[in-house]
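Take a look at the structure set out below.
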């Protein structure tokens with residue numbers, strides 16, 4: 001083995017030649033080659049060179065394949081940038097300092113492979129792969145997220161040991177079109193295997209299975225010797241039903257003078273009676289086996305497929321699956337893992353999709369590249385609509401590259417190879433040409449190839465949508481904008497000019513405490529023809545598990561993941577800037593609906609309710625109306641239980657018999673309970689669960705919790721008592737045996753990521769809301785009553801705050817009023833904050849819960865009686881920020897293990913939070929390992945709390961969820977348990 005790359009490869013410098021997409025690489029295909037393959041996964045000899053043309057030395061270490069070297073102890077660490085490239089060179093140039101990994105291992109080629117065609121498959125390598133076997137150059141491949149195959153038949157000898165060297169160049173011309181919003185890594189990220197076929201082999205299989213049962217299977221046959229032997233033929237069967245050869249197709253091929261002895265094509269047909277169609281709700285799959293026979297009937301090759309019968313079409317402005325307009329409840333998904341970076345196991349992918357299915361998602365956009373092949377098998381099996389996206393994003397140089405003819409081949413190559421690999425998956429319903437790469441001739445060329453090769457699916461591209469949602473001539477069959485304001489979407493749908501379905505490729509950004517107005521969006525989508533859904537950005541928080549003591553990735557052997565969103569002791573979730581890089585985009589990498597350990601964020605419960613298959617509405621006073629909001633399925637797979645939550649009387653339960661409803665049908669159901677005369681406010685919930693084991697959920701899994709209010713609360717009257725004194729200190733703050741800091745005005749919250757990136761936090765700091773000066777104006781004392789007037793002063797103006805403390809039967813009434821000047825027209829909150837003594841560890845409340853909720857993100861938190869330890873109320877977003885709030889709280893208690901403590905009753909439903917941290921504690925910390933919990937509780941009671949929105953990347957919350965200037969009044973009672 002030589003110590004340097006062969007001169008031809010060095011002279012070519014493929015890492016700076018966008019015209020070179022591959023050399024020696026076999027065409028992509030959809031043939032299943034897993035059976036009989038030899039896995040080459042495991043430890044390889046490894047060297048990290050400073051540049052691709054640097055000599056290979058004698059000092060070998062070890063690296064695990066599949067995996068990235070950036071997570072395996074090298075000095076080349078992960079780096080995060082969203083838009084900007086990590087180097088200054090313009091395309092196609094790259095820096096001279098270009099980390100290059102050299103992987104090498106000995107391989108024993110099975111002796112029984114003598115006379116067979118031998119193929120090396122490298123699942124994925126980023127970003128340029130150079131392959132050598134026994135020192136001989138074999139091939140080159142680009143495209144970091146699709147497999148590369150190389151024919152080794154003329155290089156290796158069966159029964160002998162051979163040396164395989166895989167050289168991976170990190171930075172290349174391809175990096176400029178792989179500028180996705182994720183960590184930059186380097187390495188071999190998917191499995192490597194060696195397999196063998198007969199010289200006569202299936203080169204590709206294309207399946208077309210329609211919802212009427214018509215099946216067509218096109219087979220491409222090759223022989224490694226060149227011309228095909230006489231007499232070959234193909235056969236197939238579908239779950240025992242034999243397929244027939246298409247004689248007309250064979251005759252047409254025989255008569256076509258263009259067909260040579262090199263080209264082997266055959267078509268199999270079948271008409272499947274009583275076909276079970278595939279949809280995301282009913283993912284019915286059939287087993288297809290295709291065999292290639294020699295003239296004597298022996299089998300030379302075979303391929304197995306799991307296929308589904310379904311149609312996808314666009315009619316007018318509707319995307320139809322099997323003739324039905326379906327809502328796309330989607331999420332964007334990267335291949336990610338906090339211990340391995342980019343490598344995801346089959347079990348991990350299954351866990352991803354099972355979790356999404358349980359929370360009502362039915363669609364995935366493979367952002368922004370083809371995902372691991374196993375994901376598509378799982379999507380077929382579990383039921384997801386997939387927008388399959390090509391590995392193209394040139395965000396930093398989008399305008400220059402979109403029309404650059406040097407990159408034309410790369411665009412078409414990447415899109416075509418994706419289609420060739422994934423075309424037989426029923427889950428794939430749309431092809432995407434990539435992401436955030438402007439729009440140019442290169443996209444049109446790629447779109448043209450797809451439309452010719454696969455007319456059965458629509459094509460989309462967000463960059464084309466920017467040119468006009470209604471333009472029918474652009475390279476997108478779907479209007480797929482990102483983060484378009486809802487009012488713009490509604491206006492387009494009502495304009496009379498809409499020509500395409502409007503399905504946003506990204507519409508709600510899950511960075512930190514976010515995803516406000518999600519329910520508002522879906523109420524509009526479901527009520528407006530022409531709007532059909534969208535994809536949340538994104539599934540994961542891409543926090544890498546990092547050791548705190550040395551700041552390096554924990555790697556494959558890192559500490560276990562707890563499953564509660566919190567990193568293990570001695571570790572933290574790293575984001576941009578945590579690996580010593582100075583140029584980075586911080587926590588923008590943490591924008592998923594799940595934490596890095598796959599713990600659901602509160603928004604998941606919001607989405608579950610928005611996507612509920614069963615809905616409930618009041619029907620006069622006699623009962624409720626149930627409706628089936630699915631597209632294809634009845635309710636027989638579901639069970640129900642009625643729950644009646646009485647504000648003053650606990651919770652009653654009764655079994656529920658769900659009516660037999662087809663999709664879209666409704667039925668009136670009598671009330672399951674007779675409301676007691678007392679009990680105050682009453683809420684009826686239908687707890688819907690799976691009635692049997694599903695592939696994605698065991699029997700009894702909660703599917704949704706639809707709820708209606710049956711009775712409003714009655715006004716609460718307070719009887720003052722004058723014989724009990726109310727005490728305040730010299731600063732006019734309440735003195736109470738269970739409070740270490742009396743209630744005072746709060747207008748500030750620890751900024752969320754949306755607050756920071758949306759500019760609100762900067763404005764609040766300019767106003768001084770984080771450090772207002774409190775000045776007592778007056779204290780008036782009466783028997784059993786004290787009134788305190790204080791001004792809170794800051795650069796934004798003075799806020800007058802009045803508190804009246806009145807002794808009442810059983811406790812203390814606190815009446816408050818805050819008057820905000822017109823200059824403070826959009827603050828974080830208006831309310832009270834106080835701190836308690838230590839030992840109060842349990843919060844029980846009547847209101848929305850049990851998970852976190854906010855004014856514009858509360859649809860998924862049903863009203864009822866809830867209870868949680870204080871330490872479990874806090875939501876550990878990767879960058880500490882406002883969290884742990886509960887919306888619509890009517891009353892709560894904070895108690896010690898001996899049941900002593902305090903109870904608070906609110907004048908009406910309010911936003912409440914109870915944590916161990918002040919807002920200043922959260923705002924000053926970059927990670928959770930920097931936080932120190934306080935012994936007591938920090939309690940916020942808000943008269944008004946600003947919505948969350950998604951302004952870190954997308955629209956802010958709606959005006960109705962802002963906290964305006966003017967007068968705010970609220971009251972609450974405090975008593976000792």
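What to note about this one:
- For the chain, the 222 nm mean residue ellipticity estimated from helices alone, with every DSSP H stretch of n ≥ 4 adding -39500 (n - 2.57) and the total spread over all residues, rounds to -3500 deg cm²/dmol.
- Folded to 0 to 90 degrees: helix 346-358 orientation relative to the chain principal axis, Cα: 40 degrees
- Relative contact order, whole percent, for segment 45-109 stands at 48, derived from Cα pairs under 8 Å and 6 or more residues apart.
- Shape of segment 281-345, Cα gyration tensor, a/c cut at 1.5: oblate
- Expressed as a fraction of 2.2 N^0.38 Å, the value expected for a compact globular protein of N residues, the C-alpha radius of gyration of segment 543-589 is 1.14.
- DSSP beta bridges in segment 350-500 [antiparallel fraction, %, rounded to 5]: 0 percent
- Whole-angstrom gap from segment 823-894 to segment 399-468, using each part's C-alpha centre: 46 Å
- Ordering 877, 407 by the number of other Cβ atoms within 10 Å of each residue's own Cβ, fewest first, gives 877, 407.
- Remark: the Cα gyration tensor places segment 132-254 in the oblate category, a/c being 1.5 or greater and a/b not exceeding b/c.
- With both residues required to sit in the chain, DSSP beta bridges show an antiparallel share near 90%.
- Computed from label points 7 Å out along Cα-Cβ, the spacing between residue 934 and residue 550 is 3.8 nm.
- Potential extension, residue 295-residue 967 segment - 0.36 nm per residue separation minus Cα distance: 232.9 nm
- Compared with the alpha-carbon gap, the fully stretched path from residue 671 to residue 351 is longer by 111.4 nm at 0.36 nm per residue.
- Given R0 = 51 Å, the distance between the Cβ atoms of residue 727 and residue 619 translates into a calculated FRET efficiency of 0.45.
- Shape call, segment 211-307: gyration tensor on alpha carbons, a/c limit 1.5: prolate
- Calculated FRET value between residue 13 and residue 583, using beta carbons and R₀ = 22 Å, to 0.05: 0.25
- Sequence ranges 505-517, 188-200, 283-295, 936-948, ranked by mean other-Cβ count within 10 angstrom, highest first: 505-517, 936-948, 188-200, 283-295
- Spatially, segment 912-948 and segment 231-303 are offset by 63 Å when compared through their Cα centroids.
- Peptides 149-160, 487-498 ordered by average Cβ neighbours within 10 Å, highest first: 149-160, 487-498
- Between segment 189-204 and segment 529-594, the alpha-carbon center distance in angstrom: 36 Å
- With Cα atoms, 0 to 90° folded angle of helix 373-382 axis to the chain main axis: 60 degrees
- Taking all Cα pairs closer than 8 Å and separated by 6 or more residues, the relative contact order of segment 7-197 comes to 33 percent.
- Computed over the chain: relative contact order in percent, which uses C-alpha pairs under 8 Å that are six or more apart: 9 percent
- Peptides 227-233, 163-169, ordered by how many other C-beta atoms sit within 10 Å of their residues on average, highest first, read 163-169, 227-233.
The numbers here are math on the coordinates, done by the rules we state, and not lab data. Please read all numbers here as calculations on a predicted model, not as lab measurements. In this analysis, Cβ positions are derived from the backbone assuming ideal geometry, glycine residues included, and neighbour counts consider all displayed protein chains.
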